[in-house]
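Trainee: Can you keep this structure in mind? I'll have questions shortly.
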Amino acid sequence: MEPQQLILRYSGWVREALDELPDCFTITDPCVSGHPIVFASDGFLKMVGYCREEVIGRNGRIFQGPDTRRSSVIEIREAIREERCVQISLLNYRKDGTPFWMLFQLCPVFSKDDGRVINFVAVQVPISRKSRRSGVGNSRREMNSCEDGNGFRDNFFRCCRREVCSDSIFELGRASAMDSVSSHDDEVETNEPCEASEVEKTKASAAISNILSVLTHYSELTGRSVCVKRCRLTGNGHLSASLNISLRRIKQSFVLTDAFLPDMPIVYASEAFLKLTGYDRHEVLGQNCRFLSGTDTDTVTQFQIKEHIQAQQACTVRILNYRKDRTSFWNFLHISPVRNASGKVAFFVGIQIDERCRNGETHGLSPEMRQLSVVGAVKVAVRGLSMGANSS
Amino acid sequence: MMLKIKRVPTVVSNYQKEDAEEGGAGCGRNCLRSCCLPGSKLPLYAFKKANKLVCEKGSFDSVNKEPPVEFLDALLLGEWEDRVQRGLFRYDVTACETKVIPGKYGFIAQLNEGRHLKKRPTEFRVDKVLQPFDETKFNFTKVGQEEVLFQFEPSENNHVQFFPNAPIDLENSPSVVAINVSPIEYGHVLLIPRIFECLPQRIDRESFLLALHMAVEAGNPYFRLGYNSLGAFATINHLHFQAYYLATPFPIERAPSKKITTTSNGVEISYILNYPVRGLVFEHGDNIEDLSNAVSESCICLQENNIPHNVLIADSGKRVFLFPQCYAEKQALGEVSAELLDTQVNPAVWEISGHMVLKRKEDYEGASEENAWRLLAEVSLSEERLNEVKELIFEAASCFNNVEENKVVAEVATTASSEDLGEACEDGDALKGSGEPAMVHV
């Protein structure tokens, strides 16, 4: 699966071009379930001690371990969710189980066509021990732990000398770091366990920009260009990417319509909805929900829906709807308003149940309860993601 | 001396306000007591007790993996929305404006003008973390059955089980999840362990494990559980945990930490760094129970030493934050500035974790990182005091005993003021031995 992943979007030369870059980095594909690594540079593989086959197709969390800080993992999780860059110190583990600090910089790569995130690029620069905690005055316990004290240094240098560092800037940074150990590091230690130096930050940023220019270049040749900044989305009714991601977790058939746009077009349709109705996503987005109605649909029911929507109230109806192939089905439909973080009704969510499927599952939740749980999940997602969470 | 503060009590049940007027005779409102209980049914969710690891390797992108919404999550959201549509809540919390306060830490503010409307302040005693259960005051057996969402219990076998219509078996001492009719966010519920045993607000091993299981079962990092002890802004002395959904990280979850020690069964305990409220964070452990015991034993130690505290279960049960606090005591002693008191923000677990519910529009509009920080800094113990409290915990909690190099001298425990000791002993089993180490002075 690995070669196709990259080649689909980039021309065949991209792999060689990436291989020529000296940096430690991986490329992941968020569109594939599990968000796997689809490319790992030689430098990266040397640093972590895995071979390529062991890494491709796996998720980046395989490099994390017991002492990897949860707060850092959360930073990265939120950056992925919000599809933005992040630069953070992270404790990762090699295959042999030894931990090492590195500067982790992650950047999304967008499709030029529709603004979707195609890949994430993650550059990893090992951090020299300059600002490592001194460990002086700490107990023996800490020295035994790989994370702290001398144990860490030994591991770290072993890794750098033998395998990774051929880079002179990096050698230089480390040499000067050795001189300044243990004097005034205490403050840094308590603030952040391992702060990267400016040299390392610059190195990470430079690597990112090299990789991105390779990707951009080789995507242009395929006519499916990628870009580093999300292109301005034109046209109405595009949801934020992060909301899209959250909604994808909800597996039932439902649509979201935008209450602020004229005629309330559909701005999100779940996989199950497409399966139920037989339409493709692009045929559905931008439509008003009435397109599911047909000749035998009861106009009184339609009016009833309209009234509830105008009054911003939830309602449940049984309505005759039509699939793309014009076959009809009784839709047990629940509609509810959904407010954003400002407290305004921003969307309506409509959850469909094909009435024939209503009487399954005796041990699970009732279909009615599952509809309501979709309403709840959508309300939580919309509220949380419209709070202006890009605080850092 | 008895320390009290005045505050508006939170109305968690629609049957709470009438409580004072109620004569106590005949009920007829479908409550959870013997008058109404016979024949009643409620959904029952039985979780598997498996000793699985709490911490699989960190979840790099649990969001992009898009696991389907978990069953408990779906049950809770569905039942809660059902109560929304039945009009059981005092207000629509999703109509309350909320935002992330600009700045480095990402404090969260909500404007909630309806939560405390029309309530008279009541006096609360804040200098005793353990107080006996008082049958005459409001407790959760008095809520309406429609306010209870489901029963939550360990499964008999090793599988998750769900019974949409299970009888409420008094003998079996069920734990239940009920709505809070004054929610501070969507899905705000109360977990009431063994409700019919009428336990006072006091952590025990079994109850805390139940709460931790709930976080693990929900499997949603944006669903967190919290606990307030008496003296740390709990208002109802009937054992309960709170929980709600908020799909954004709490500032406390982003705070770095510094490891202090690892217990014999692998639970790591750290100081929280770079955060206005000092506290401890517990994580890892060989299984859920180890993590749970480390926290509950710490809480038990704080209770017995009369130190008010708040607990946050975050990260789907992977991390637990523990904050000993001293705000209510300062408030009772008149040491909190009028400006802070005017905001009427009670720094309980959610506020301490960085989620501020504000009652006045001007406070919401003017909310800044500095203000939030200033308020929370008042809640925090001093560095020395936290260190003392930590030593106290390490000495008392038996699961830490095997930890090497913890030959700690618990000076604090021996410096109980004799004046307080007499009163402390009234509670019988409430306070053992060490007396009251002078409720935290900064």
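Trainee: Long-range amide H contacts for residue B:8: which residues qualify at under 5 Å (H placed 1.01 Å from N, peptide plane, sequence gap of 5 or more or a different chain)?
Mentor: B:122
Trainee: Whose amide H sits under 5 Å from the amide H of residue A:343, counting only residues 5 or more places off or on another chain, with H placed in the peptide plane?
Mentor: B:98
Trainee: I need the phi-derived Karplus couplings for the stretch B:330-336: 6.51 cos²θ - 1.76 cosθ + 1.60, θ = phi - 60°, integer Hz, Gly and Pro marked x.
Mentor: Result, rounded to whole Hz: 4, 4, 5, 8, x, 9, 9.
Trainee: Around residue A:58, which amide H atoms from residues at least 5 apart in sequence, or from another chain, sit under 5 Å from its own amide H, with H modelled in the peptide plane?
Mentor: A:37
Trainee: Averaged over its residues, how many other protein chain Cβ atoms are within 10 Å of peptide B:89-102's Cβ atoms? Kindly include the intermediate steps, with their values, before the conclusion.
Mentor: Working: counts 0, 0, 0, 3, 4, 12, 5, 5, 7, 9, 7, 7, 3, 3.
For peptide B:89-102, the averaged partner shielding equals 5.
Trainee: Taking a 20 Å limit on the Cα-Cα distance, which of the listed pairs A:112/A:229; B:4/B:128; B:6/B:359; B:48/B:142 fall beyond it?
Mentor: On the way: A:112/A:229 9 Å; B:4/B:128 10 Å; B:6/B:359 16 Å; B:48/B:142 30 Å.
As for pairs spanning more than 20 Å Cα to Cα, those are B:48/B:142.
Trainee: Taking other Cβ within 10 Å of each residue's Cβ, how do A:71, A:197, B:353 sort, fewest first?
Mentor: Values: A:71 21, A:197 18, B:353 26.
Sorted ascending by nearby Cβ count, the order is A:197, A:71, B:353.
Trainee: Quick check: Cα centre of the stretch A:289-362 to Cα centre of the stretch A:8-45, how many Å?
Mentor: 44 Å
Trainee: Okay, moving on. Counting partner chain Cβ atoms within 10 Å of every residue's Cβ in B:246-252, what's the average? Write out the running numbers ahead of the final one.
Mentor: Numbers: counts 4, 15, 12, 10, 1, 1, 1.
For peptide B:246-252, the averaged partner shielding equals 6.
Trainee: Here is a follow-up. Which of rounded, prolate or oblate describes the stretch B:261-304 when judged by the alpha-carbon gyration tensor and an a/c cut-off of 1.5? If you can, show how the numbers build up before the last one.
Mentor: Details: a/c = 2.52, a/b = 1.29, b/c = 1.95.
Judged from the Cα gyration tensor, the stretch B:261-304 comes out oblate (a/c at least 1.5, b/c at or above a/b).
Trainee: Set the Förster distance to 35 Å, then compute FRET efficiency between residue A:323 and residue B:197 from the Cβ-Cβ distance, nearest 0.05.
Mentor: On the way: r = 54 Å, r/R0 = 1.56.
Result of the calculation: an efficiency of 0.05.
Trainee: While we're looking at this one, here's another question. Looking only at other chains, what is the average number of their beta-carbon atoms within 10 angstrom of each beta-carbon in B:216-227?
Mentor: On the way: counts 0, 0, 0, 0, 3, 2, 4, 1, 0, 0, 0, 0.
Mean shielding by partner chains, rounded to a whole number: 1.
Trainee: How would you order B:97-104, B:271-278, B:316-323 from highest to lowest mean count of nearby Cβ atoms within 10 Å? Write down the numbers at each step before the final one.
Mentor: Details: B:97-104: 18.8, B:271-278: 21.2, B:316-323: 25.8.
Averaged packing, sorted descending, gives the order B:316-323, B:271-278, B:97-104.
Trainee: Under the classification rounded if a/c is under 1.5, otherwise prolate if a/b is larger than b/c and oblate if not, where does the stretch A:235-387 fall, given a ≥ b ≥ c as square roots of the Cα gyration tensor eigenvalues?
Mentor: On the way: a/c = 1.41, a/b = 1.23, b/c = 1.15.
The shape class here is rounded.
Trainee: Using the Karplus curve 6.51 cos²θ - 1.76 cosθ + 1.60 with θ = phi - 60°, what ³J(HN,Hα) values do you get for each residue of the stretch B:130-142, in whole Hz, with x for Gly and Pro?
Mentor: 3J(HN,Hα) across the stretch B:130-142, in whole Hz: 10, 10, x, 4, 10, 4, 7, 8, 4, 9, 6, 6, 8.
Trainee: Where the centre of each part is set by its Cα atoms, how far does the stretch B:152-188 sit from the stretch A:56-96, in angstrom?
Mentor: Taking the Cα centre of the stretch A:56-96 as reference, the centre of the stretch B:152-188 is 35 Å away.
Trainee: Residue-wise, which Karplus ³J(HN,Hα) couplings in Hz belong to the stretch A:202-214, taking 6.51 cos²θ - 1.76 cosθ + 1.60, θ = phi - 60°, and x for glycine or proline?
Mentor: 5, 4, 5, 5, 5, 4, 4, 5, 5, 5, 5, 6, 4
Trainee: Highest mean first, how do A:105-115, B:223-233, A:290-300 rank when packing is the count of other Cβ atoms within 10 Å averaged over residues? Could you put the intermediate results ahead of the total?
Mentor: Numbers: A:105-115: 18.8, B:223-233: 26.1, A:290-300: 13.6.
The packing order, highest mean first, is B:223-233, A:105-115, A:290-300.
Trainee: Let me have the relative contact order for the stretch A:235-387, percent, based on Cα pairs under 8 Å that are six or more residues apart.
Mentor: On the way: 253 pairs, mean separation 34.0, N = 153.
For the stretch A:235-387, the relative contact order is 22 percent.
Trainee: The stretch B:311-339 to the stretch B:258-288: how many Å between their Cα centroids?
Mentor: 17 Å
Trainee: Oh, and also: How many lysine pairs in the stretch A:235-387, separated by 8 or more positions in sequence or lying on different chains, have Cα atoms less than 22 Å apart? Please list the in-between numbers first.
Mentor: On the way: A:251/A:275; A:251/A:324; A:251/A:379; A:275/A:324; A:306/A:344; A:306/A:379; A:344/A:379.
Close lysine pairs found across the stretch A:235-387: 7.
Trainee: Moving on to the next point. Say R0 is 25 Å: what FRET efficiency, to the nearest 0.05, do residue B:48 and residue B:146 get from their beta-carbon distance? Please report the intermediate quantities before stating the final value.
Mentor: Details: r = 29 Å, r/R0 = 1.15.
My answer for the efficiency is 0.30.
Only the coordinates and a few stated rules stand behind these numbers; no lab work does. No experiment lies behind these values; they were computed from the predicted model shown. With ideal geometry, Cβ positions are generated from the backbone for all residues, glycine too; neighbour counts draw on all protein chains shown.
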